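Okay, structure first, notes after.
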Amino acid sequence: MRSSPVPPRLVGVIDIGKTNAKFAVVDLKARAEIAVRKTPNNVLSGGLYPHFDIEGLWSFLCNAMRELNAEHPFDALSVTTHGASAALVDEAGELTLPVLDYEFLGPDALDVDYAAVRPDFSESFTPPLPGGLNVGKQLFWQARQFPEAFARTRWILTYPQYWAMRLTGIAASEITSIGCHTDLWDFREGGFSSLVESQGWAKKLPPVRPAADILGPVRPELATALRLRTDLPVHSGIHDSNASLLPHVLARPAPFSVVSTGTWVIVCSPGGALDRLDPSRDSFSNIDALGNHVPSARFMGGREFSMLTGDVPAHPSEATVNRVLEAAMMLWPSVVTGSGPFPERQVRWSVAREELDAESLYAVVSFYLALTTAECLALTGARGDTIVEGPFAANPLYLAMLEAATGRSVIGQTGSATGTAIGAALLADIEGGASESRPAPMWRGDRNKLLAYAEHWRQSL
C-alpha cells in the first residue's frame, strides 16, 4: 500500500532531531502543527560508547502519543529523524548494540582499513566524514569491535525505520535514509553498494520500501496500551532533510534549493549539478522521497550559532548593521571543524570577539552563516529560488546576505507550513500536494554594502 484509503486529516509525527525530539500532531488541511510535545535528545556516555537514550525517547514518545491522541485523535503515524544513525536489532526487535552517537570519533580508528573497502564517490556520492557520520563506517567499526553482537543482528535499520518497526513490528529500509551519505547505496545502479556486498550485510538490510508506504498498523498490544485505533496506519518514514524538502518538491518544479536550518544547515538543490560536488568539502547527493537525486551540502551552522551567541536573541539596530558592514567586521570558517565546505580551516576573526557587543556579534555571525551557506549552494550547482526554513528563516540579516551573496531570490519561510514534521505528515497524503507558507521579512538596507562585504569575505578566505 502507498497511502491510506481515505486521505487523513490528522497525522501524528515522531520527529527526532540531533538536539531535540518531539511528537507533533499535524493538521494536513491546515498544514500546521496543532499540538506538540518536546524533549532533549540526550546522549548517554556510559556503556560501550556514547549512544542515544533510546528507551528514554520511547517513554517520552509513548506518553506523548497517549496524551495527544486523547485530545486530537490521529488518522495515521509517520516518522522523521536525523541521519547518520542505524539501529541493529535481533529477531525479536531488541537492540543488539546501542545506537551510536555519530559525533563519537571511535570509528576513526579504522579509517585506513575502511578506506580500502568503501565505495568510490562516483558510486556512493558519499564523502569520507569523521566519527560516525558515514553509517557504513559505523557498521564497519561495530562489526569489528563487537563481532558477537553484530553476528546476532538480524536487521540493520536506518533510524526512522527503527522507530517504525517499534510501532509495527515490520522491518524495512527506505531510500532517503539509506541514500544519505551512508556509503550503502549505489547511485549509478540504484541498489545496495559494493560495500554492502563485500561485507556481507545485504542479508541484514530489509527490503527497500518507499517513504510513503504503509508498513502496517500499530502493534495490537501497543495500540491497547496507548489507546490508539487498532487499525492506525504507520508509514515507513523519512530522513529529516528530505522531510523538509518534500513539501517543496510537491509544490514547485526544479530547479530550486531548500536550506534547512537546525543543528545542521543542509542545502538541497533539486535540479542542481552532481558534477559540482566535492567530497573533500562535505557535499554529496541525497535521494528525495520520489527517488530523484538531489545535490546537497551542509555545515553545522546551528551548532555554530549556539556556540557563538549562546542562542541569546539580538535585534541589531540599522546603525549597528551598517557599522559592521562598513568596518568589514568578519568571521571566517570554521567554528566547527571536520565537516562543512571548509573542514580543515580554523576559525578566524577580523576583530577580537571580545570587542563586539551583543548586537554586533549577532550581525557578524549571521553574515558568516549566510556566506558559508552560499558556498554550500555553489557546491550543489544551485539554480532558481532559495527557500530557507527553520530558525534562520526568521533572521533578516542572514536572508539579506544570502540573497546578495548568491544573486538569486531568497525566501525565508516561517510558520509551520513546511519543515520536518509537515513533510513527514505529507507521506500520509503524498498525492495531495503541498502549499507554500508565508515569507519572512528580510533586512532591506544598502545592497551595495552587502555585496562589497560578501566579496571582501570571499577574497579573504
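None of the figures in this text is laboratory data; all of them are computed from the coordinates on show. Quick caveat: nothing in here was measured; it's all calculated off a predicted structure. A quick note on method: Cβ atoms are made from the backbone with ideal geometry, for glycine too, and the neighbour counts reach across all protein chains shown.
Quick look at the numbers
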{"read-out": "Dimensions (Å) - the chain, Cα atoms, principal axes, largest first", "value": "64, 52, 41"}
{"read-out": "Partners for Lys449 among lysines (Cα-Cα distance below 20 Å; same-chain residues under 8 apart left out)", "value": "none"}
{"read-out": "Amide H partners (placed H, <5 Å) of Gly216, local residues excluded", "value": "Val234"}
{"read-out": "Overall Cα dimensions of the stretch 10-236 - principal axes, largest extent first, Å", "value": "54, 40, 31"}
{"read-out": "Degrees between helix 358-379 axis and first principal axis of the chain (Cα, 0 to 90, nearest 10)", "value": "70 degrees"}
{"read-out": "0 to 90° range, to nearest 10: angle between helix 447-459 axis and the chain longest Cα axis", "value": "70 degrees"}
{"read-out": "Integer Hz, Karplus 6.51/-1.76/1.60 couplings in order for the stretch 339-344, x for Gly and Pro", "value": "8, x, x, 10, x, 9"}
{"read-out": "The chain: calculated mean residue ellipticity at 222 nm from DSSP helix runs of at least 4, using -39500 (n - 2.57)", "value": "-9500 deg cm²/dmol"}
{"read-out": "Residue range of the chain that is longest and free of GluC sites (Glu not before Pro) which are both DSSP loop and sparsely packed (at most 15 other C-beta within 10 Å)", "value": "190-343"}
{"read-out": "Neighbour-count ranking [beta-carbon atoms within 10 angstrom, fewest first] of Leu77, Leu371", "value": "Leu371, Leu77"}
{"read-out": "Fewest-first sequence of Met330, Met65 by Cβ atoms within 10 Å of each Cβ", "value": "Met330, Met65"}
{"read-out": "Pairwise centroid distance, computed over Cα atoms, of the stretch 294-337 with the stretch 255-281, Å", "value": "19 Å"}
{"read-out": "Mean shadow area of the stretch 287-368 over all directions, Cα convex hull, nm²", "value": "7.1 nm²"}
{"read-out": "In Hz, Karplus ³J(HN,Hα) per residue of the stretch 218-233 (6.51, -1.76, 1.60; θ = phi - 60°; x = Gly, Pro)", "value": "4, 3, x, 5, 6, 4, 5, 5, 9, 6, 9, 4, 5, 9, 5, x"}
{"read-out": "Length-normalised contact order for the stretch 154-272 - Cα pairs under 8 Å, 6+ apart - percent", "value": "24 percent"}
{"read-out": "Angle between the chain longest axis and helix 159-168 axis [Cα atoms, degrees, rounded to 10]", "value": "30 degrees"}
{"read-out": "The stretch 30-87: C-alpha gyration tensor shape, a/c 1.5 cut-off, then a/b vs b/c", "value": "prolate"}
{"read-out": "Taking Phe140, Phe299 and counting other C-beta atoms within 10 Å, the order from fewest to most", "value": "Phe140, Phe299"}
{"read-out": "Cα gyration tensor, the stretch 251-459 - rounded (a/c under 1.5), prolate or oblate", "value": "prolate"}
{"read-out": "The chain: relative contact order as a whole-number percent, Cα under 8 Å and 6+ apart", "value": "16 percent"}
{"read-out": "Spatial separation of Cα centroids for the stretch 161-212 and the stretch 68-126, in angstrom", "value": "10 Å"}
{"read-out": "Surrounding net charge for Ser194, when Lys and Arg each add one and Asp and Glu each subtract one, Cβ distance under 13 Å", "value": "-4"}
{"read-out": "Reachable lysines, given that their alpha-carbon falls under 18 Å from the alpha-carbon of Lys18 and they are not under 8 places away in the same chain", "value": "Lys38"}
{"read-out": "Cα gyration tensor shape of the stretch 167-317, rounded if a/c is under 1.5, else prolate or oblate by comparing a/b with b/c", "value": "oblate"}
